[in-house]
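**Q** Take a look at the following structure, please.
The values are calculated or read from the model by the stated rules, or taken from the named source; none is laboratory data. Keep in mind the model is a prediction, meaning the values are calculated, not measured. For neighbour counting, all protein chains shown are included, and Cβ atoms are generated from backbone atoms with ideal geometry for every residue, glycine included. The accessibility values were calculated without ligands, DNA or RNA, using every heavy atom of the protein model including side chains. Shrake-Rupley method; radii C 1.70, N 1.55, O 1.52, S 1.80 Å.
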Amino acid sequence: MISTTQTSIQPVLEAFKAVADPSRLRLLALCARGELTVTELTEVVGQSQPRVSRNLKLLCAAGLLDRFREQNWVYYRIPLGGRGAELARGLLRLVRADDPVLRLDRERLERVLARRAAQLRGQALDPGVPTPAGVDARIIDLMAGEALGELLDIGTGTGRMLRLLGVDASSAVGIDISREMLVLARANLHAAGLDHLSVRQGNMYQLRFADGSFDTVTIDQVLHQAEQPAEVLREAARVLRPGGRLLLVEYLSAADPAGRSPPGAAAISLDQLAHWCAEAGLRREALDQLPARPWPVVVSVARRPHADRAAA
Ligand SMILES: C[S@@+](CC[C@H](N)C(=O)[O-])C[C@H]1O[C@@H](n2cnc3c(N)ncnc32)[C@H](O)[C@@H]1O
């Protein structure tokens, strides 16, 4: 006789058991909308932290939630792919989106995240200068016509690139060294309803991804603040698959009429960019210079060549 523990039945039974409780179903529905801490979830559901933690543990054990640590905080979310994601989303499809309990939870979550983001905006964060008009349209133009596939945004900051391109990517992750910026990015992704995207703490000089992990890498307004921009591009090229594309958005070195340079550090010249890309083994395919104010912006696409073509 075959035991159910050896078949595909078991994970489904475990999933049903895990959500057979109103509090756990509510937590699952909330974690389908982004990456949330126990504290945030406790605030939303209005239950004690030990109770919420116990329920989260059961949902994780059933494979319906993933957990990861960021400094002193532990985040929960629906798995990004695989059987757990299928089961969790399948179960949630059985519940009406306008269910009054879940709607109330969603509204409370929005308020909790908005409050967090507002607190952070009051701190001395550097989200970069507002993107000049016309830049986003040019980015979309340049990246069109080819699938974005799996996307990595380096120095994701407010998650701007993820919001602009992530919706067309099969998956997208943003990395940033600043935990505060990540909290802001999560709040922005949540507000935009982009729950299939994720952000993680990481250092752009030592990315925790294997060689050739992504089809698209984006770097937006980061290089002019970097101490070693050439190293950032080398890491970006390493994690790109052969044939993958790097999108670079950067201010060019030109002072505005008042003699100020882009914030954070010296801006960059086109020659420097070309040199760093070539050093990283990337081939430039497109380059557009926009006479934006207060500083000109360059939008450039470079490709990691396939090994055989590079040799040729
Ligand atoms: C000017 S902001 C980029 C803005 C972002 N692209 C956006 O539009 O919201 C530069 C970002 O790079 C991040 N950063 C700086 N050094 C880093 C490092 N070593 N690794 C990863 N991110 C870093 C900063 O925390 C900041 O969020």
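**Q** Just one of LEU91, LEU65 is in contact with a Pro (Cβ under 8 Å, 6 or more places away or on another chain) and among the hydrophobic types (A, V, I, L, M, F, W, C); which is it? Can you show your working first?
**A** Numbers: LEU91 fails: in contact with a Pro (Cβ under 8 Å, 6 or more places away or on another chain).
Going through LEU91, LEU65 in turn, just one is in contact with a Pro (Cβ under 8 Å, 6 or more places away or on another chain) and among the hydrophobic types (A, V, I, L, M, F, W, C): LEU65.
**Q** While we're looking at this one, here's another question. Six or more apart or on different chains, Cβ atoms under 6 Å: show the pairs whose first residue is in the range 28-51 and farther than 18 Å from LEU104 by Cβ and whose second is charged (D, E, K, R).
**A** GLU35/ARG77; GLU35/ARG186
**Q** Another one. What do you reckon, is THR158 modelled with pLDDT under 90, surrounded by fewer than 23 Cβ atoms within 10 Å (Cβ to Cβ), β-branched (Val, Ile, Thr) and not in a strand (DSSP E or B)?
**A** Details: modelled with pLDDT under 90: no; surrounded by fewer than 23 Cβ atoms within 10 Å (Cβ to Cβ): yes; β-branched (Val, Ile, Thr): yes; not in a strand (DSSP E or B): yes.
No.
**Q** OK, next. I'd like the residue in the range 208-226 that is within 15 Å of the ligand (Cβ to nearest atom) and surrounded by fewer than 20 Cβ atoms within 10 Å (Cβ to Cβ) and, out of all such residues, is farthest from MET181 (Cα to Cα).
**A** So the first thing to find is which residues in the range 208-226 are within 15 Å of the ligand (Cβ to nearest atom), and the list is 208-209, 216-226.
Restricting the remaining residues to those that are surrounded by fewer than 20 Cβ atoms within 10 Å (Cβ to Cβ) gives 208-209, 225-226.
Working: ARG208: 19, PHE209: 21, GLN225: 15, ALA226: 16 Å.
Taking the candidates together, the pick is PHE209.
**Q** Follow-up. For GLY174, all conditions in the list (1) over 20 Å from LEU273 (Cα atoms); (2) in a helix (DSSP H, G or I) hold save one; what is the number of the exception?
**A** (2)
**Q** In the range 94-120, what residues are open to solvent by less than 60 Å² (accessible area, probe 1.4 Å), within 13 Å of VAL45 (Cα to Cα) and of a type in the set (Asp, Glu)?
**A** Residue satisfying the conditions is ASP105 alone.
**Q** In this structure, is VAL183 within 28 Å of ALA226 (Cβ to Cβ), under 12 Å from the mean Cα position of the chain (by Cα) and open to solvent by 30 Å² or more (accessible area, probe 1.4 Å)? Break it down into steps so the answer makes sense when it comes.
**A** Values: within 28 Å of ALA226 (Cβ to Cβ): yes; under 12 Å from the mean Cα position of the chain (by Cα): yes; open to solvent by 30 Å² or more (accessible area, probe 1.4 Å): no.
Against the criterion (within 28 Å of ALA226 (Cβ to Cβ), under 12 Å from the mean Cα position of the chain (by Cα) and open to solvent by 30 Å² or more (accessible area, probe 1.4 Å)), VAL183 does not qualify.
**Q** Let me ask something additional. Please work out if ARG241 is modelled with pLDDT of 95 or more, over 17 Å from VAL135 (Cβ atoms) and either assigned to a strand (DSSP E or B) or open to solvent by less than 10 Å² (accessible area, probe 1.4 Å) (or both).
**A** Numbers: modelled with pLDDT of 95 or more: yes; over 17 Å from VAL135 (Cβ atoms): yes; either assigned to a strand (DSSP E or B) or open to solvent by less than 10 Å² (accessible area, probe 1.4 Å) (or both): yes.
It is true that ARG241 is modelled with pLDDT of 95 or more, over 17 Å from VAL135 (Cβ atoms) and either assigned to a strand (DSSP E or B) or open to solvent by less than 10 Å² (accessible area, probe 1.4 Å) (or both).
**Q** Let me ask something else about it. Given the structure, is ALA230 among the hydrophobic types (A, V, I, L, M, F, W, C), open to solvent by 40 Å² or more (accessible area, probe 1.4 Å), more than 20 Å from ALA32 (Cα to Cα) and not in a strand (DSSP E or B)?
**A** Details: among the hydrophobic types (A, V, I, L, M, F, W, C): yes; open to solvent by 40 Å² or more (accessible area, probe 1.4 Å): no; more than 20 Å from ALA32 (Cα to Cα): yes; not in a strand (DSSP E or B): yes.
No.
**Q** Something else about it: Which ones in the range 184-220 are in contact with a strand residue (DSSP E or B) (Cβ under 9 Å, 6 or more places away or on another chain), part of a helix (DSSP H, G or I) and among the hydrophobic types (A, V, I, L, M, F, W, C)?
**A** ALA185, LEU189
**Q** What number of residues within the range 74-93 satisfy the criterion of being buried (at least 16 other Cβ atoms within 10 Å of the Cβ) and either β-branched (Val, Ile, Thr) or without any contact (Cβ under 8 Å) to a residue 40 or more places away in the chain (or both)?
**A** So the answer is 4.
**Q** If I filter the range 147-175 down to residues being in contact with a strand residue (DSSP E or B) (Cβ under 7 Å, 6 or more places away or on another chain) and acidic (Asp, Glu), which single residue comes out as farthest from the ligand (Cβ to nearest atom)?
**A** Here the answer is GLU150.
**Q** On the basis of being more than 9 Å from the ligand (Cβ to nearest atom) and either closer than 23 Å to VAL112 by Cα or without any contact (Cβ under 8 Å) to a residue 40 or more places away in the chain (or both), does VAL135 make the cut?
**A** Considered against the rule, which asks whether it is more than 9 Å from the ligand (Cβ to nearest atom) and either closer than 23 Å to VAL112 by Cα or without any contact (Cβ under 8 Å) to a residue 40 or more places away in the chain (or both), VAL135 comes out as no.
**Q** Here's another thing I want to ask about it. Quick check on this structure: which one of ARG260, ARG284 is open to solvent by 50 Å² or more (accessible area, probe 1.4 Å), modelled with pLDDT under 95, out of contact with any Leu (no Cβ under 8 Å at 6 or more places or on another chain) and in a strand (DSSP E or B)? Let's see the steps before the verdict.
**A** On the way: ARG260 fails: in a strand (DSSP E or B).
Matching residue, one of ARG260, ARG284: ARG284.
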